[in-house]
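Contents: one structure, followed by commentary.
No value in this document is a laboratory result; all are computed from the given coordinates. Keep in mind that this is a model prediction, so the values were computed, not measured.
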Amino acid sequence: MNRSASLLLLTLALASACESKTATTGEARVAAKTATPAATLAAESPADAPTSGTAATATDEANAAPAPAPGTIPAAKTGDAAAIYARPQVPILCYHQIRDWTARDSKGAKDYITPIATFKAHIKMLADSGYHTVSPDQLYAYLTTGARLPSKPIMLTFDDTDLDQFTIARPTLAQYGYKAMYFVMTVSLGRPHYMSKAQVKQLSDEGNIIGSHTWDHHNVKKYQGQDWVTQIDKPTKTLEDITGKKINYFAYPFGLWNEQAFPELKKRGFVAAFSLAEKRDQQDPLFTIRRIIASGYWSPRTLHTSIVQSF
């Protein structure tokens, strides 16, 4: 399958499922409040974003103390579900493809395709606004024990293993000392225009966190029997072999989950799982951590407004 066909199929699948899921969620309500016609968004300048100084942000990022690994936090020190649910949510952004739009991209697909200049403007706005990236380990420590986070914390996540995340996102984030979470779909490893195993390892070695995102993006709500082995066990083992590290975090394909998934994920060693914009489960907030998709239509100003209103 050529590049255009493979990306189109993946994008259409994402768009169809995510749009149907988020139509009644907080993300959809935020989009309705903050949405600006595409032509207007394209005309807005990154200069519209607030500024305060990227150099200080990069210095703070470089000097940030690492969080303890989840397995080292004593169970006696972790809060119950009610305490975890009550803590203010940390903003978490989700990106997919980072490339310029083409004539073949549908209107819906463009939500999941962030043009290169737009992505760079997004990240510059975050740095200029004083946001500091946090790792999932920092987030886990905060949620379970109330551990302190840096001022204006934010978490950046990337789904589906697209090569642009390595060639464009990685150097862009490095300008500001930012780190991110990469949820890898292992079926795509080594395929044209997707990341290789060596690139995933490099991201891990450089201090980013690698998470599991199934083998081929199959909907978790439909798993039966052997699906847990094919979609979770084998891909997770592959990622652990690549990185040499335990894989602690999982992202649901399309952001879709059900309660039946929680015990399955827990017994496989995951400590938290990430959805998209829907409400968290009050009984298991660690396995329904919310993210919002950073739309390809959003200017830096619109992204900033969405962050403030969504979390």
For q = 0.13, 0.20, 0.29 Å⁻¹, Debye-computed log10 I/I(0) when each Cα of segment 237-286 counts as one equal scatterer: -0.33, -0.72, -1.21
Spherically averaged projected area of segment 139-180 from its Cα convex hull (nm²): 3.7 nm²
Descending principal axes extents, segment 104-191, alpha-carbon based, whole Å: 46, 31, 25
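For segment 167-215, report the convex hull volume of the alpha-carbon atoms normalised per residue, in Å³, without decimals. Don't skip to the end; give the middle numbers.
Numbers: hull volume 3.1 nm³, N = 49.
Cα-based convex hull of segment 167-215, divided per residue, equals 63 Å³.
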Overall Cα dimensions of segment 202-311, principal axis frame, Å, largest first: 43, 34, 23
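Which number do you get for Rg(Cα) / (2.2 N^0.38 Å) in segment 122-251? Intermediate results must be reported in sequence, preceding the final value.
Details: Rg = 15.4 Å, N = 130, 2.2 N^0.38 = 14.0 Å.
Taking N as the residue count of segment 122-251, the ratio is 1.10.
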Cα-Cα over 21 Å, subset of LYS124/LYS201; LYS77/LYS279; LYS197/LYS245; LYS120/LYS279; LYS237/LYS266; LYS246/LYS279: LYS124/LYS201; LYS77/LYS279; LYS120/LYS279; LYS246/LYS279
